[in-house]
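First comes the structure, then the notes that go with it.
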Amino acid sequence: MTGFSEIIAKFVNSASKLKAEAIVLMVSKPNYTEMKNFTTRSLNIPFPKKDPHNALAMPIYESVAFEFDSAEDIAANFRGEFPAHTYSRTSNPTVEYFETKVRTLTGAHHVLAVSSGMSAISATMLAICKQGDNIISGKHLFGHTLALFEQSLSAYGVETRFVDTTKIDLIEPLIDQNTRAIYFETVTNPQLEIADIRKLAEIANKHGILLISDSTITPPSVFSSKSLGVHVEVMSTTKFISGGATAVGGMIIENGIYEWSQNPNCLEFSKKFGKDAFVARLRKNYYRNLGMPMTAHTANYMIAGLDILELRVERCYQNCLKLGEFFQQNLKVTRVDYPGLKDSPYYDLAVSQFGGVPGTVMTFDLSSQDECFSFMNRLKVIRRATNLNDNKSLIIHPYSTIYAEFPESERLKMGIRPGMMRLSVGIEGADDLIEDIEQALST
Ligand SMILES: *Cc1c(COP(=O)(O)O)cnc(C)c1O
């Protein structure tokens, strides 16, 4: 049956050919590498493949499997002769675009998006350690990271040596021939301490071991881990990147500045894959086999969140400064901590490492736990919740929640005081936040 559809097809083809020629003459492609601003670049990073409909937003490829044109093609793909998506546990176009964006924005060698921040941390540690190895870690850690190191990794014979990473001299004596990495959080929470990253990198490089940062609190719009010598960065994208606490996700950023033959567990891969040794081992032996992919839907949230990340961080930061000033002047507030404030002991490091924006989490103290509870119960704008870096401001009393299982003496040693509250500052108007805090403080 010849007819209408063919005629239409012919017409469409000739029309689009004309259009295509016109486009070649008229359109100059955006060159994102020349763009200085984080947001401008984020908005203009091209898709890995041209979209057949010229969609401006990356489509959500919610498809598990991808088809091949021939049996020869699929065989060639399985032999690794050409890259193509085959199955969404191993790779997916929407997820790939999120990874591409982060890689381009950070100048990293490789980025792997995963199902959560904890996946990013566990896969990384498994890929670099084996039984009998040890890592050196900051002692103030996100709770589940602490549990992973103390309970899960130790069961496989990987020991963690905890240390105060702000005291550089304590680190080197802990390193031996089985040490594989120094691990730290860029800003600890809720203690809000900052280690000197350049000095950590110096020690790591001297001993040929990895420097791994958990940069969740300081996202890529304010922190360039590569420029300070961090080899691998892990991050919970659940927090700042997801853009309003929309989805759980994580990523591993490999900066391409570590010689992988120095890690005995990566030596074989290093002979075969060179600079890609870690990524190859990570993808093949852990990410794929343990099954920790980010879904296409989640990647879609992360892509949207990344485009407005810089704006949100800046707004939260401005709010932190205004709240800091308010807290410092209020007589009921006995203490306020935020490394972005000039009188913080970590202010200089906050400036030299994070451009003065050391995340947007702050703590402040009232005289007792009871005072904190009644204050929190009177809040109307600020929400009582445990997450960080939502668009909404979130408050929690760490002593009675996150750290409740520790004995009192342990909590105090960790800097968790009964009168302390943690505030993750959101993007509301500063006036509304201050008014809310003012009314909740005044009884
Ligand atoms: C939340 C968080 C994690 C864990 O991330 P998930 O996405 O919840 O798995 C790890 N590190 C830090 C610093 C975090 O705040």
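The values are calculated or read from the model by the stated rules, or taken from the named source; none is laboratory data. Quick caveat: nothing in here was measured; it's all calculated off a predicted structure. So basically every Cβ, Gly included, is an ideal-geometry build from the backbone, and we count neighbours across all protein chains shown. To get the accessible areas, we keep the full protein, side chains included, count just its heavy atoms, and leave off ligands, DNA and RNA. Shrake-Rupley method; radii C 1.70, N 1.55, O 1.52, S 1.80 Å.
For the stretch 291-438, what proportion of DSSP beta bridges, expressed in % and rounded to the nearest 5, is antiparallel?
85 percent
From the Cα gyration tensor of the stretch 310-442, with a ≥ b ≥ c the square roots of its eigenvalues, which class applies: rounded if a/c is under 1.5, or else prolate if a/b is larger than b/c, or else oblate?
Note, shape of the stretch 310-442 comes out oblate.
How much accessible area per residue does the chain have, in Å², with a 1.4 Å probe?
For the chain, the solvent-accessible area averages 48 Å² per residue.
Rounded to the nearest 0.05, what FRET efficiency is calculated for residue 385 and residue 82 with R0 set to 35 Å and r the Cβ-Cβ distance?
Calculated transfer efficiency: 0.15.
Leaving out ligands, DNA and RNA, and with a 1.4 Å probe, what % of the accessible surface on the stretch 75-122 is carbon or sulfur?
Working: 1020 of 1840 Å².
C and S fraction of accessible area: 55 percent.
Looking at the chain, send over the antiparallel percent of its DSSP beta bridges, to the nearest 5.
Details: 23 of 42 bridges.
Expressed as a percentage, antiparallel bridges in the chain total about 55.
Taking a spot 7 Å from the Cα of residue 156 along the direction of its beta carbon, which residues of the stretch 224-260 have an amide N less than 11 Å from it?
none
In straight Cα distance, which aspartates and glutamates are under 20 Å from residue 284, not counting same-chain residues fewer than 8 positions off?
81, 96, 99, 233, 254, 259, 268, 276
So who's got an amide H within less than 5 Å of the one on residue 162, skipping anything under 5 residues away but keeping other chains? H placed 1.01 Å off N, in plane.
137
Rounded, prolate or oblate: pick one for the stretch 90-220, where a ≥ b ≥ c are the square roots of the eigenvalues of its C-alpha gyration tensor, a/c under 1.5 means rounded, and failing that, prolate if a/b is larger than b/c, else oblate.
Prolate, since a/c reaches 1.5 and a/b exceeds b/c.
Principal axis extents for the stretch 247-300, Cα atoms only, whole Å, descending order, please.
36, 23, 14
Can you pick out the pairs among 322/413; 49/392; 342/392; 36/275; 239/322 whose Cα atoms lie more than 32 Å from each other?
49/392
Suppose we take every Cα in the chain and form the convex hull; what volume per residue is that in Å³?
Looking at the chain, the number lands at 183 Å³ per residue.
If you average 1/r over all unlike Cα pairs in the stretch 71-306 and invert the result, what Kirkwood radius do you get in angstrom?
18.0 Å
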